[in-house]
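Working notes for the structure below.
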Amino acid sequence: TSYIIGDDVPSIGKSAFNNSSKLLNVTIGKNVTSIGDYAFTGCALTSVTIPDSVTNIGKCAFSNCSGLAVATIGNGVTSIGEEAFEHCKTLTTVTIGNNVTNIKSKAFNGCSSLTNVTLNSNDIVGKSYTQKSNISHIFGSQVTNYIIGDSVTSIGEYAFSDCSSLTSVTIGNSVTSIGYKAFS
């Protein structure tokens with residue numbers, strides 16, 4: 001089943017499509033500004049594109065989506081909620097928009113197939129991390145390919161430390177500094 005959320009809808013409320021196991025495709029209208037907690041939890045979505053109008057993705061918004069393979073998070077999003085994509089076991093590819101400043105705890109926890117991540121947010125990539133808390137801990141150590149977009153100007157300390165499966169990194173043209181042990 002497919003669903004189109006019209007351009008006149010300002011937000012997707014809490015649990016709006018929760019456990020809609022037959023929902024395979026959704027088109028989110030260009031004026032939606034927020035996706036509520038548990039909005040699409042347990043749906044059978046195969047891909048999702050969050051438009052630039054959305055600024056916030058709520059807690060568990062897409063968790064346990066059994067068929068979700070691709071998630072593209074628009075440039076308007078500033079915050080990705082706690083456990084937002086948790087246990088999306090078939091999720092292989094994620095693109096993070098350039099205005100994301102906060103990815104909350106366990107947002108991508110249990111996404112065991114996630115191998116390709118594109119990061120366009122300087123706030124996420126450029127931040128100083130520790131060896132025990134870094135980008136590897138956000139997306140998982142199984143990621144094999146990171147693409148760092150042209151909107152990123154720096155790579156922070158320990159940012160990609162302990163990315164034990166990493167085989168490929170593409171660094172955008174705007175990066176001018178790479179922090180201490182960024183890829184240790």
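The values are calculated or read from the model by the stated rules, or taken from the named source; none is laboratory data. Small disclaimer: the values here were computed from a predicted structure and weren't measured. All Cβ positions, glycine included, derive from the backbone under ideal geometry; neighbour counts span all protein chains shown. For the accessible areas, the whole protein counts, side chains as well, though only heavy atoms, and no ligand, DNA or RNA atoms are used. Shrake-Rupley method; radii C 1.70, N 1.55, O 1.52, S 1.80 Å.
Return a yes/no flag: does region 25-40 have any residue that is assigned to a loop (DSSP other than H, G, I, E, B), open to solvent by less than 40 Å² (accessible area, probe 1.4 Å) and at positive phi. Taking every residue of region 25-40 in turn, none turns out to be assigned to a loop (DSSP other than H, G, I, E, B), open to solvent by less than 40 Å² (accessible area, probe 1.4 Å) and at positive phi. Where strands (runs of 3 or more DSSP E) sit wholly within region 50-165, those with at least 2 residues that are within 30 Å of Asp8 (Cβ to Cβ) and in contact with a Ser or Thr (Cβ under 7 Å, 6 or more places away or on another chain) occupy 70-73, 93-96. If I ask for residues that are farther than 21 Å from Thr167 by Cβ, open to solvent by less than 10 Å² (accessible area, probe 1.4 Å) and among the hydrophobic types (A, V, I, L, M, F, W, C), which ones from region 97-123 would you list? Val100, Ala107, listed by residue number. In region 124-143, the residue that is modelled with the highest pLDDT out of those that are under 25 Å from Ser63 (Cα atoms) and open to solvent by 40 Å² or more (accessible area, probe 1.4 Å) is Gln142.
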